[in-house]
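Undergrad: Let me give you the structure first, and then I'll get to my questions.
The values are calculated or read from the model by the stated rules, or taken from the named source; none is laboratory data. Note that this is a predicted model, so its numbers are computed, not measured. Neighbour counts are summed over all protein chains in view; Cβ atoms, including those assigned to glycine, are modelled from backbone coordinates with ideal geometry.
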Amino acid sequence: MSTQAPNQARVIPLRPVAPAPAPAAKEPLWRHIVGHVLRRERLAQERTLKDVADAARISMPYLSELERGRKEASSEVLAAAARALGLGLADLLALAHGELARPVRARRANADIAPTAADGAVTSVAALSNRHTGARMPSRQGQVSLAA
């Protein structure tokens, strides 16, 4: 005699059931990275949202939205915000690159892969340069040049 109910079909799987793959690490959004860099630089310089927004000629609520990663800014707005912080657009992009490279370094460390020389990241322009002495942001990561 069968142990199944009389009107129930027996299901035979055609393929073995594979465990669900682990979710891949979520890539950060560009606006979150840039916003984090803008906020970090502003706070490192001990400046207020109002001060930086006025210098960049953008509204304070808009700058706040940028810093929180809720708005996608045009290159002109990003350049203005960077200039208000004493940075160039290239400097802002280099710092954002450093933020993006961090998760890559963490994944490499977990996979026991040696990091490359290109993995060095600039953490803060304020930590590397002093605007009053004419120090400039490096054109390549890991190199600092001073203006005379």
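Undergrad: Among helices (runs of 4 or more DSSP H) lying entirely in region 1-100, which contain 2 or more residues that are within 14 Å of the chain's Cα centre (by Cα) and on the phi < 0 side of the Ramachandran plot? Lay out the reasoning, then the answer.
TA: Details: elements: 30-44, 49-56, 60-67, 75-84.
Once the helices (runs of 4 or more DSSP H) in region 1-100 are filtered for at least 2 residues that are within 14 Å of the chain's Cα centre (by Cα) and on the phi < 0 side of the Ramachandran plot, what remains is 30-44, 60-67.
Undergrad: Report, ordered by the first and then the second residue, all pairs with beta carbons closer than 8 Å, sequence separation of six or more or different chains, a first member in region 1-28 that is of a type outside the set (Gly, Ala, Ser), and a second member that is at pLDDT 75 or above and surrounded by 10 or more Cβ atoms within 10 Å (Cβ to Cβ).
TA: 28/99; 28/100
Undergrad: So, one more: Among the residues in region 34-43, are any closer than 16 Å to residue 86 by Cβ, touching a residue at least 12 places away in the same chain (Cβ under 8 Å) and small (Gly, Ala, Ser)?
TA: Here is the first cut: in region 34-43, the residues closer than 16 Å to residue 86 by Cβ are 37-43.
Imposing the further condition that a residue be touching a residue at least 12 places away in the same chain (Cβ under 8 Å) reduces the set to 37-42.
Okay, now just the ones that are also small (Gly, Ala, Ser), so none.
No, that holds for no residue.
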